[in-house]
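Beneath this line is the structure, given in structure tokens, with notes to follow.
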Amino acid sequence: MRFDYLLIPTATALAAALLVACGGASSGVGSTPTSGLAVDGYLSGSKVVCDSNDNGVAGAGETTTYTDTRGNFTFPSGCKHGVIVSGGTSVDTGLAFVGQLRSPAGATMVTPLTTLIASGMTQTELNKALDLPTGTDLLTTDPAATNANGELKNPSLMKKTLAVQQLLQKTTELFVGLGSLVGSQATNTVYTEVAAAFAEQLKTGDALMNDTDGVSSDRVNTLVSAAVTRTSTASTVSSDIKTALASAGGATTIATVVKSALTSQAQEIMDGSNSADITAKTKDRQGNTSIVDTVKVAVASGEMGPSTSAEDADFLDRRLNTVAVKPTEAVAPTDYVYLDNNSIGFSADGVSATTYSVSDFQSSTSGIRIKWPMADSAALKLKLKANGSFTFAPNQKLSAAVRIQEKGGGSGEVRAFTDNVTVSKSGDDIILSVPDLPQALIYGVSGNAQTKAVIDFASKVKGITNTLSTASGAESTVMFGEVVNYGINGLSNQFAKMSEMRGKYLVTIVVNELPLRKADGSKFDFLSIDVPTTLSGGAPGSHIPVTGYGLVGYITLTD
Amino acid sequence: MAILRRVIAIFAVGGWLGVAGAAPLDVFLTATPEPSVGIGTLELGVDRMSTELDVFNLRNRTTNSTTATQSYLAQHISGGLKLGEQGWVSGNLNQRAIADGATDYRYTSWQISGQYRLLEDQSWQPATALRVSAWGNFADQTQSSKAVVMPGAVLNSVKITRPADQQLQADLIGTWNLAGGTQVNASLGAGTSELSYGALSATTTIDGCNYNLAFTGNAVYGVVILPCGTGIYVKEVYDNSGRLGIDVANEIAWRGRFVQAGLNARWQDGPWTWRAGYLFFLVQREAVDAILASRKRASYTQNHTIGLEASYRLQPNLQLFAYGLMNSNSFFNEIPVAYNSSTAARFGSLYSVLGAGVRFDF
């Protein structure tokens, strides 16, 4: 039997080059399907884990599924436990979801509010804290539901849901940013602690917000203060963050400095007049990093620290509040890596390299020309630089995916991904390592669309470790020729004609968790690649979405 | 019993005991099927061939086949009822188990017939009857563990669910009653066959990995059977380009037309009644035989059946019988559904069975 493919090797190569490895699969815990909805705006492509050991942590062996483009998820074998949602994109704002939502067993909604319930509040307590009607079932009511006219059925619930997320997210980003950590591992850990602190505070006392007076800055102050205190002692939180929180002045100072800014941002969302306005304000506020950026500058300059007086803290609070609601970032971002001169080197022989700019790659007229078939030693040559200093939380994982689409009329397509690649930082080195049992798959469609396949190449990338250096003048090499040729030689019995591939291909690359930006600090496009992992008959079946920042460009295979 | 042993020996020596023609036992068709006493008849019987019975190793004397059927066991119940002076309706239900060494097939066969005598015999004019039949075979599934070589793949095993065939058949039968209870019968028939199936699946091996294949029409969906080595492997694959070279519907669910002609005689000797007959069968199948030809493989369109039966009347309305039937080309015109592009080669073999049973007239 032979299956003719046109794109497999490139996908394999790029996937391997990106060190995408995967993991994930886990055991079912029920007998009937369990469905739900993840909402911070409907979340698309989010990872949903059935917390079968009820420890509030998404474990490697726990059953995993993903949300569709409307936030829906299903565990085909059921889930009798709480669920944990992370990653993905809000379909309303188009922004990456930041945080880790939870819901208790039996809930059909997973929202920032159910996260507070899963963190210890009762529905009655939360309804009171948010001035919601008594009896509102927060575990089953979809806050984003709309009527036939597209207007929210329960705008108050939606606004309060988003406002709570704003407080949780920005507090989390502040703590993680102060610690100069990047990646969802740190973010999710802190988010969980912040939510627990919020829940503990909101169980009693005055409401956080009400429909008449809006968001209470006093309550925000107590929430942030409690969050700093809890996070500073949580065993799960990186010591870098604990140290940074102390260096920033501790609970009282930090809460004082950010309370007005956080309140203003939440209130902006609460002031949304209709569905579109709420979405616009949410997008603006969630995407705004002014609080963390400004506080970091204040800490770095010594304006803010353990010795900051209450009066100085109040001054900083007022100053921060003036920038927290501006749509643009107040200060230039730091703590990221970038390609020197926005360029990529491609070496056909592993030694000499041709340099292409990112814009060359993105140009449909030029693109990157690659000799085909390539040598085993073919490699990417990357000159990475760092802006600021950052590190990763222990056990931080990343995913990467590549999508290659045939241009010029053919239907050939390849989507490849690996997941669960461990990423860490040591000095100037970013170390990527693939676990022993990764999940690494390729979904391919032949040029005539008559053949499709899912290929497992985990065995070829498992155990690989690669180091990317950001040291001055250092050049990092990502070998991929051998893997590509392995694909040609090893798989050509089934995927014939790969060596005959020629012409132009549209390439999309997504890598999440890496703080990779353009040289000027601006972000790459936020993209998502859905990689089918099964074929349901002839159609793609289940899939894994890989969402993150990435690039879209072109390659041309030549003789 | 000595006679019975003799019958067995005769067919064994002849080397080609076999199943009857198209519809069951058409080799003994007669225009006067009604019993001499009573208005109907009921028959129970068993057909058998096995290594023990095939003492002369006849089944291996095959032509163009290395996959002869190894053993056969069937039980049938059949009956007929007289309707007026010219009418006769009959039915037959047959359970068959066929093994070819690597594969077991279990079919249920059925037949219903209505026969009307157009003319009674006068002088040299034979009694003439028209019979119309519907008959067929079906099974829950058939599974072969023998490798099947297709143009694009070698299938290690093939499973077909709900395979079935249906036939409509018409026969014109003439019967001459001669002196001394001797009867000579001639028949000429024609009919149509149509095969169907529920689903086709198979297993194959690609680069050392085994795959389950499921066919939907000519599209194939394959899923790897783990474990599968330590390298890169295709986990799932779907292909509707026809690269396997399998035209599923035409290869296993063909349509066809057939004709048959037979001649048999019956004579009596005291309590003994003997029947001997010959049936020629010719089928024209759509597509499948052309596909076989394109692959330079043999196809079979003709079958010759010879049958001999001896019955002993214990009571006026009770007989014991034994018969032997031989086909030149195995079962292909009695179980059309068993014939497809992957099994056709097996129909190049001689095959025969022995049968025995009891017939009760009422």
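Values quoted throughout were computed directly from the atomic coordinates according to the rules given, and no laboratory measurement underlies them. All of these numbers come straight from a predicted model, not from anything done at the bench. Note that each Cβ is placed from the backbone with ideal geometry, even for glycine, and that neighbours are counted across all protein chains shown.
Step through the residues of the stretch A:549-555 one at a time and calculate ³J(HN,Hα) from phi using the Karplus curve (6.51 cos²θ - 1.76 cosθ + 1.60, θ = phi - 60°), rounding each to whole Hz and writing x for Gly and Pro.
7, x, 10, 10, x, 9, 10
So if we plug the beta-carbon distance of B:Ser36 and B:Gln95 into 1/(1 + (r/R0)^6) with R0 = 30 Å, what FRET efficiency do we get, rounded to 0.05?
0.50
With n ≥ 4 as the cut-off for DSSP H runs, can you work out [θ] at 222 nm for chain A, using -39500 (n - 2.57) per run divided by the number of residues, rounded to the nearest 500?
Calculated at 222 nm, the ellipticity per residue is -9500 deg cm²/dmol.
Tell me the label-point distance for the pair A:Ser472, A:Thr204, using the 7 Å Cα-to-Cβ offset, in nm and rounded to one decimal.
Between A:Ser472 and A:Thr204, the simple spin-label model gives 5.7 nm.
Cβ under 14 Å from A:Thr355's Cβ, A:Thr355 left aside: what net charge do those residues give with Lys, Arg +1 and Asp, Glu -1?
Once positives and negatives cancel, what remains is 0.
In which sequence would B:Arg117, A:Arg285 go, from the one with the fewest C-beta neighbours within 10 Å to the one with the most?
B:Arg117, A:Arg285
Among A:505-515, A:142-152, A:296-306, what's the highest-first ranking by average C-beta atoms within 10 angstrom per residue?
By packing density, highest mean first, the sequence is A:505-515, A:296-306, A:142-152.
Taking neighbour counts of Cβ atoms within 10 Å as a proxy for exposure, in what order, fewest first, do A:Lys281, A:Lys407 appear?
With the sparsest Cβ surroundings first, the list reads A:Lys407, A:Lys281.
Return the average number of partner chain Cβ atoms within 10 angstrom of each residue Cβ along peptide A:446-458.
5
Which order, highest average first, do A:104-111, B:191-198, B:212-219, A:363-370 follow once you tally other Cβ atoms within 10 Å for each residue and take the mean per peptide?
Per-residue Cβ counts within 10 Å, averaged per peptide and sorted highest first, yield A:104-111, B:191-198, B:212-219, A:363-370.
B:Glu120's amide H: which non-local residues (gap 5+, or another chain) put their own amide H closer than 5 Å, with H modeled 1.01 Å from N in plane and none for Pro or chain starts?
B:Thr128
Within chain A, which whole H helices from DSSP have a Cα span along their axis of at least 15 Å and a mean Kyte-Doolittle hydropathy of -1.0 or more, if any?
Taking the DSSP H segments of chain A (at least 15 Å long, mean hydropathy at least -1.0), we get A:155-178, A:184-202, A:217-233, A:250-270, A:290-301, A:310-323.
Among the lysines, which have Cα under 17 Å from the Cα of A:Lys504 when same-chain residues fewer than 8 positions away are ignored?
A:Lys371, A:Lys407
All other residues with a Cβ under 9 Å from the Cβ of B:Leu29 taken together, and with Lys, Arg as +1 and Asp, Glu as -1, what is their net charge?
-1
So what's the net charge close to B:Leu318: Lys and Arg +1, Asp and Glu -1, counting the other residues with Cβ under 14 Å from its Cβ?
So the surrounding residues net to 0.
Over the protein assembly as shown, one equal point on each Cα, no solvent: what is log10 I(q)/I(0) by the Debye formula at q = 0.06, 0.08, 0.10 Å⁻¹?
-0.61, -0.81, -1.03
Rounded to the nearest 10 degrees, what's the angle between the helix B:2-14 long axis and the longest principal axis of chain B, both from Cα atoms, 0 to 90?
Once rounded, one gets 50 degrees.
Peptides A:392-400, A:133-141, A:539-547: what's the order by average Cβ count within 10 Å, highest mean first?
Most protected by this proxy first, the peptides run A:392-400, A:539-547, A:133-141.
Suppose R0 equals 35 Å; then what is the FRET efficiency for A:Lys371 and B:Ser294 from their Cβ-Cβ distance, rounded to the nearest 0.05?
Computed FRET efficiency for A:Lys371 and B:Ser294: 0.25.
In peptide B:236-247, how many Cβ atoms from other protein chains are near each Cβ within 10 Å, on average?
So the per-residue partner count for this stretch is 6.
For chain B, with equal point scatterers placed on the C-alpha atoms only and solvent neglected, what are the log10 I(q)/I(0) values from the Debye formula at q = 0.06, 0.10, 0.14, 0.15 1/Å, to two decimals?
So the normalised log intensities are -0.25, -0.64, -1.12, -1.25.
Using modelled backbone amide H atoms (1.01 Å from N, in-plane), which distant-in-sequence or interchain residues come within less than 5 Å of B:Ala31's amide H?
Under 5 Å from the amide H of B:Ala31: B:Thr175.
For the stretch A:141-295, just say rounded, prolate or oblate: build the C-alpha gyration tensor, square-root its eigenvalues into a ≥ b ≥ c, call rounded for a/c under 1.5, and beyond that prolate if a/b exceeds b/c, oblate if not.
Prolate is the answer for the stretch A:141-295, as a/c is 1.5 or above and a/b outweighs b/c.
Arrange the following residues from fewest to most other Cβ atoms within 10 Å of their Cβ: A:Lys371, A:Lys160, A:Lys385.
Ranked by crowding around the Cβ, least crowded first: A:Lys371, A:Lys385, A:Lys160.
Straight distance only, please: which lysines reach the Cα of B:Lys296 with their own Cα at less than 25 Å, same-chain residues fewer than 8 apart left out?
Correct list for B:Lys296: B:Lys146, B:Lys159.
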